[in-house]
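The structure under discussion appears below in the form of structure tokens.
Laboratory data are not the source of any read-out in this text; all were calculated from the coordinates shown. In this text the structure is predicted, and so the values were computed from the model without any measurement. Every residue, glycine among them, receives a Cβ derived from its backbone with ideal geometry; neighbour counts consider all protein chains shown.
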Amino acid sequence: METVEEIQQAITSLPKAEYIRLLRWFQEYDWEVWDREFEEDVKAGRLDFFREQVEQAKREGTVRDLFEGFPITYVAIVVKAGYGYSAYLPDLPGCVAAGETFEETSRLIQEAAAFHLEGMAEDEEAIPEPSSIAIHVEVEAPATARP
């Protein structure tokens with residue numbers, strides 16, 4: 001294979017399991033390339049500008065929280081219940097919501113998370129960094145268990 005089109009054709013004909021293996025490999029490879037480029041930029045001094053900005057902000061006393069003004073993405077677990085849906089954020093204990101529809105519950109858990117973080121900030125509590133990861137697990141169900 002020598003062209004992007006040939007590679008694309010080969011990828012689209014892969015079985016699902018092999019495609020997932022390739023995707024995982026490529027994601028890891030992409031991070032390794034990024035890490036090497038970043039290290040090269042640091043060694044070459046191409047990031048000195050940022051260090052100088054931070055040092056100046058420290059001297060001026062204008063350093064602010066790294067995440068201030070930027071959105072934080074937390075994992076929300078949404079569960080279908082008999083009456084509708086419920087949701088919670090594993091990284092924000094006590095942050096929960098419930099609604100009649102998935103859409104309503106999604107909106108309510110986002111509002112609950114914002115309210116929760118505002119309360120933590122007012123109480124001068126540390127805002128937790130996102131650490132939960134959600135995955136989908138695909139398994140073969142026994143024939144007798146299938147709907």
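Brief remarks follow.
- Reciprocal of mean inverse Cα separation for the stretch 86-130 (Kirkwood radius, Å): 10.9 Å
- Counting 0.36 nm for each residue step from residue 19 to residue 54 and taking away their Cα separation leaves a gain of 8.3 nm.
- Paired Rg and Dmax values of the stretch 10-75, which use every Cα atom, in angstrom: 19.4, 58
- What you get for the chain, charging only the Cβ of Lys and Arg (+1) and of Asp and Glu (-1), is a dipole of about 500 debye around the Cα centre.
- For the stretch 85-91, backbone phi angles converted through the Karplus equation (6.51, -1.76, 1.60; θ = phi - 60°) give residue-by-residue couplings of 9, 10, 8, 8, 10, x, 7 Hz, Gly and Pro being listed as x.
- Restriction of the chymotrypsin sites (Phe, Trp or Tyr not before Pro) in the stretch 1-69 to DSSP coil positions whose beta-carbon has at most 10 other beta-carbons within 10 angstrom yields 67.
- Distance between the stretch 1-58 and the stretch 60-125 - C-alpha centres, whole angstrom: 30 Å
- Pairs of alpha carbons in the chain separated by more than 18 Å make up 77% of all such pairs.
- Helix runs (DSSP H) in the chain reaching 20 Å along axis by Cα, Kyte-Doolittle at least -1.0: 102-122
- Where both bridge residues fall in the chain, DSSP classifies roughly 100% of the beta bridges as antiparallel.
- Given the chain, longest segment not containing exposed loop trypsin sites (Lys or Arg not before Pro) (DSSP; at most 15 other Cβ within 10 Å): 65-147
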